[in-house]
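Taking it in order: structure first as structure tokens, then the write-up.
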Amino acid sequence: MPELTSPKAFFYYLVHFTWGLSVNLAGGLIYLILRINKRSSERFINSIITYTDTGSFGGFSLGIFIFINKNREEGRLSETKIHEYGHTIQALILGPLYWIAVALPSVVWAQFFQGFRKRRNIPYSWLYCESWADKWGKKYAGI
């Protein structure tokens, strides 16, 4: 678990585990299941990234818990970490509203609009919550 090394960090986790409790409980449950199944994890800024090799997804975030498909090119892996950390910041701000404002639109965009995006050459970041995640991930990762 990330360390509480400053009052700012303490407040960050306090908000995540009060206002954003539902999102972090879901993420924590998935994290525990994957850790029991020997998936590797690492700290990334104020989050925990767990790697998996199942499914065709790139990554997803539930609060401070980030899950990334480790079968990605190294450059894409770094971009995915930063993008998913942006979703972590969204969860911090939106709390329970994250489910409706970010998670649901993001899943629908990723799963059901792949062909549409490809045919029309629309970037994944075109959707408001994805461009917002890119922007905040870069800002809070110091990029």
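Just so it is clear, none of the values below were taken in a lab; they were calculated from the coordinates. Every value quoted in this text rests on a predicted model; they were computed, and no experiment measured them. In this analysis, Cβ positions are derived from the backbone assuming ideal geometry, glycine residues included, and neighbour counts consider all displayed protein chains.
Within the straight-line cut-off of under 18 Å between alpha carbons, the aspartates and glutamates reachable from K70 are E42, D53, E79, E84, sequence neighbours fewer than 8 places apart in one chain being disregarded. Rounded to the nearest Hz, the phi-derived 3J(HN,Hα) couplings of the stretch 22-27 under the Karplus curve 6.51 cos²θ - 1.76 cosθ + 1.60 (θ = phi - 60°) are 4, 5, 6, 5, 4, x, where x marks glycine and proline.
With distances taken between every two different alpha-carbon atoms, the chain has a Kirkwood hydrodynamic radius of 15.4 Å. Think of it as helices only: each DSSP H run of n ≥ 4 in the chain is worth -39500 (n - 2.57), and spread over all residues that comes to -16500 deg cm²/dmol at 222 nm.
With a cut-off of 13 Å between beta carbons, the residues surrounding A133 carry a summed charge of 0, where Lys and Arg count +1 and Asp and Glu -1.
Taking the longest Cα principal axis of the chain as reference, the axis of helix 7-16 is set at about 60 degrees.
When the GluC sites (Glu not before Pro) in the stretch 34-143 are filtered for DSSP coil states and for at most 15 other beta-carbon atoms within 10 Å of their beta-carbon, the remaining sites are E73. Between F10 and W126, the distance separating the two model label sites (each 7 Å from Cα on the Cα→Cβ line) works out to 4.7 nm. The residues packed around F113, meaning those with a beta-carbon under 13 Å from its beta-carbon, carry a net charge of +3 if Lys and Arg are +1 and Asp and Glu are -1.
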